[in-house]
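Every number in this text was worked out from the coordinates using simple rules, so none of it is lab data. Worth saying up front: this structure is predicted, and the values here are computed from it rather than measured. Because the Cβ atoms are built from the backbone with ideal geometry, glycine has one as well, and the counts that use them run over all protein chains shown.
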Amino acid sequence: MARPLPEPKKAEILSLEEAVKKYTYDGMTIGFSGFTAGTRNPVAFAWEMIRQERKDLHCIDRHGSVCTFLLNAAKRMRIYETDWYGWGELAGKLDLNFERRYKEGSILAEEYAHGATAFRMLAGALGIPFIPYYAPMGSDLYNPEYDRLGKEGLRDGSNPRIPKKKFDYLEDPFYGDGKVVLLPAARPEVAVIHVGQAGEKGTARWRGVASLDKELALAADKVIIVCEEIVPESMLRQYPESNQIPYFIVDCIVELPFGAYPTGNPYYYDYDMQFMQQMQAASRTEEGMNQWLDEWVFGPKDWRDFLNKLGANKIADLRADSLTGYSSRIMRGKKPAPKMFEPLSVAKFGY
């Protein structure tokens with residue numbers, strides 16, 4: 001039987017603390033927006049979840065991020081379904097917190113391929129229970145011996161967020177092209193999406209890499225938009241083709257400037273590679289990670305206090321250039337990125 005269409009929603013505007021308190025709880029299934037640790041991770045939301053002592057979380061993500069790094073550091077995740085167990089291309093490939101949790105057996109890891117994760121999100125967004133996908137047939141990703149959730153007896157149907165099978169096979173009934181893999185839809189309870197602008201009703205817009213954010217939002221039961229600024233809906237109607245998330249699927253809006261730090265938000269601020277490298281260095285030992293958490297997660301009074309701790313100079317340096325969308329003041333290798341004084345088309349192509 002097809003899943004019923006949800007009723008249109010009326011988004012409420014809450015503070016970060018209120019949104020985490022109302023929409024999150026222990027053991028929930030959640031997904032976060034952004035692309036690795038480079039752009040638009042809703043870091044402040046995960047940060048506040050830790051401070052409100054949420055635990056035993058089941059995360060379904062496209063790949064690791066600063067959000068999952070923090071949750072693993074604080075030992076708050078129980079199940080992690082993803083296609084990459086790193087967290088930041090620039091700071092450190094491997095999430096050392098996850099590695100420790102996995103080796104000690106405190107987290108269950110279920111792995112899919114990049115494309116398979118994308119198709120699972122697409123199936124969830126379409127409201128269908130499964131979707132066909134060829135790649136990566138022949139790999140151990142489709143070896144029942146490595147079905148971790150199945151091995152733990154969690155595919156018994158008691159949890160509606162965990163499919164009864166990791167995958168299945170079907171002979172192509174239409175063209176006779178042989179065997180095809182069927183993948184279960186991803187069905188997270190909550191999607192947390194960080195964007196640049198949101199209308200007061202919930203319409204959301206971002207610039208730059210999208211990853212699977214739109215599909216994640218459509219697949220989830222509830223959607224929380226964290227934005228740099230709330231703007232009039234009429235403003236977003238002027239260029240509707242630039243909007244990615246419709247207001248009628250959004251439950252909650254949190255206006256929180258710099259809420260994606262230390263990841264970037266194109267045309268607002270750049271990512272802070274230096275800060276993420278410090279996070280990676282701290283994670284090399286349990287003691288170092290705990291000290292970092294005490295200082296940067298549990299120490300500040302709130303997110304504004306966290307930003308005050310960073311300092312005005314840091315925030316000013318990360319402010320994005322209005323033409324290129326990134327900062328021309330921070331170091332990229334041995335020198336800052338060039339500042340543009342003419343349209344990019346002219347700078348690049350001469351016309």
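Annotations for the structure displayed:
- Calculated FRET efficiency for the pair residue 235/residue 291, C-beta based, R₀ 51 Å, to 0.05: 0.70
- Cα long-axis angle, helix 114-126 against the chain (0 to 90 degrees, to the nearest 10): 80 degrees
- Simple spin-label estimate for residue 94 and residue 284 in nanometres, 7 Å along Cα-Cβ: 1.4 nm
- Sparsely packed chymotrypsin sites (Phe, Trp or Tyr not before Pro) within region 127-178, loop by DSSP, other Cβ within 10 Å at most 15: 134, 174, 175
- One decimal place: the segment residue 316-residue 53 gains 91.5 nm when fully extended, by the rule 0.36 nm per residue minus the C-alpha distance.
- Beta bridges assigned by DSSP with both partners in the chain are antiparallel in approximately 40 percent of cases.
- Packing around the peptides 277-283, 176-182, taken as the average count of other Cβ atoms within 10 Å per residue, puts them in this order, highest first: 277-283, 176-182.
- Global form of region 188-229, assessed from the alpha-carbon gyration tensor, a/c cut-off 1.5: oblate
- Residue-wise HN-Hα couplings along region 279-292, as the Karplus relation 6.51 cos²θ - 1.76 cosθ + 1.60 with θ = phi - 60° gives them from phi, are 4, 4, 5, 5, 6, 5, 9, 4, 5, x, 5, 5, 5, 5 Hz; Gly and Pro carry x.
- Gyration tensor (alpha-carbon) shape descriptor, region 12-255, a/c threshold 1.5: oblate
- Packing, taken as the mean count of other beta carbons within 10 Å per residue, orders the peptides 105-117, 287-299 from highest to lowest as 105-117, 287-299.
- Between region 1-73 and region 280-296, the alpha-carbon center distance in angstrom: 22 Å
- Remark: the residue 298-residue 171 segment gains 40.4 nm on full extension, using 0.36 nm per residue and subtracting the alpha carbon distance.
- Förster radius 30 Å - calculated FRET efficiency between residue 244 and residue 146, Cβ distance, rounded to 0.05: 0.30
- For region 4-112, the alpha carbon positions stretch 42, 31, 26 Å along the principal axes, listed from largest to smallest.
- Cα-based shape type of region 151-220, given that a ≥ b ≥ c are square roots of the gyration tensor eigenvalues and the cut on a/c is 1.5: oblate
- Expressed per residue, the C-alpha convex hull volume of region 106-172 stands at 112 Å³.
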